[in-house]
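Read-outs throughout are calculated quantities, based only on the coordinates presented, and are distinct from any laboratory measurement. This one's a predicted model, so the numbers in the text were calculated from it and none came from an experiment. Note that we place each Cβ from the backbone using ideal geometry, even for glycine, and neighbour counts take in every protein chain shown.
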Amino acid sequence: MLQIQILIVFMIIAAVIAVESVDLLGAVVSVGAVGLGLSIAFLFLQAPDLAIVQLVVEILSLIILIRAVGIKNGASAVRERRFIGTSAVVICLGIFLIFAYKSLLEIPRFGSPIIGVAGRYLMQSLKETGAANVVTSIILDYRALDTLGEATVLFTAVIGVLAVVRKIGRKSKE
Amino acid sequence: MTLIVKTITRYTVGLILLFGIYIVLHGHLTPGGGFAGGVIVALSFVHLMLAFGRETAIKKMSEKAAGILEGLGAIMFLLIAFMGLTTGYFFYNFFRRVDTTETLVEYIGRPFALFSAGIIPLCNIAICLKVGAGLFAIFVALTFLKMNGDAAGDGEKK
């Protein structure tokens, strides 16, 4: 677990840099570093499926942010410090952390879930679906309706983007 | 881009596309699957576009073709789901072969073989088409928006 803690510290530092950096390009690259750290953390937690997806999506989003949206090497917008807003956020975060500490003590230990269906999946998935990869057998056989919903969400997102940035019907500025 | 980037891209872009297809086809055997493989396939086209410019990538896959492929993937996924209704329920794995000698239910093909697991590889291919074409379409649309925005900005400056 030591590696994951080191990775989490690295990710927190990168996230703080991404928020506090004045340089926009540097901030975007720091966001990418957070994603890559998360991908390596998934590998340490023995979830290679998630690690591949996280790595690949992170690369694509980084390319879209830098290249397509067109973030140039420039300064970000000026931020003012407001005392009241910052203190309100800190108080809310403190309350959240107190309750999170109390509730996180109650959850079962890592590796011993209370929901028994996972064990059944691990035992039966090869026989029932024929897929050697348990993750695929769950997302495309046992929980295929979830995957259908996710595909619909992505489809709607693509249609939305294509409708917003389409060139037909756009009025030219004069 | 420079000559170095173009030369390297000429060698690597096919390998990236091939790796994406491998991830998709072996989604039921090794880590990966339709989503990750589709994004890798989209990334190979994005790679081509970054190195050689917009026109070369559009020549390989136009915006309209990407839209058609995305719709095709979505319809294929739904069709596989509905074909399960012919023998069972929604998303029923209909490539099922019942072994009469035993009560166990078996599938076409054996475990750990490429052609096994019934509808799962087909679903992976459908999701790959949907995700890859959709993300590439988004990328093309956003770069076009940026080019338009730059042109408008220049016009305003003049």
*Extent along principal axes [Cα atoms of chain A; Å; largest to smallest]*: 65, 48, 27
*How would you rank B:62-73, A:31-42, B:33-44, A:98-109, highest first, on the average number of other Cβ atoms within 10 Å across their residues?*
B:33-44, A:31-42, B:62-73, A:98-109
_Once you place label points 7 Å from the Cα toward the Cβ at A:Arg166 and B:Tyr11, how far apart are they in nm?_
4.4
*What is the percent of Cα-Cα separations in region A:1-78 that go past 21 Å?*
32
*Estimate the FRET efficiency between B:Thr56 and A:Tyr101 by the formula 1/(1 + (r/R0)^6), using the beta-carbon distance for r and 56 Å for R0, to the nearest 0.05.*
0.50
*Estimated distance in nm for a label pair at A:Val9 and A:Arg120, the labels positioned 7 Å out from Cα along Cα-to-Cβ*: 4.3
*Looking only at other chains, what is the average number of their beta-carbon atoms within 10 angstrom of each beta-carbon in B:126-134?*
3
*On average, how many beta carbons from a partner chain sit within 10 Å of the beta carbon of a residue in B:58-67?*
1
*Förster-model FRET efficiency, 22 Å R0, A:Thr156 and B:Leu85, C-beta, rounded to 0.05*: 0.35
_Could you tell me the extents of region A:126-166's C-alpha atoms along the three principal axes, largest first, rounded to whole Å?_
48, 15, 10
*What is the pair-distance distribution P(r) of region B:1-97, computed from all Cα-Cα distances in 5 Å bins starting at 0, with each bin given as a whole percent?*
2, 12, 14, 18, 17, 13, 9, 6, 4, 3, 1, 0
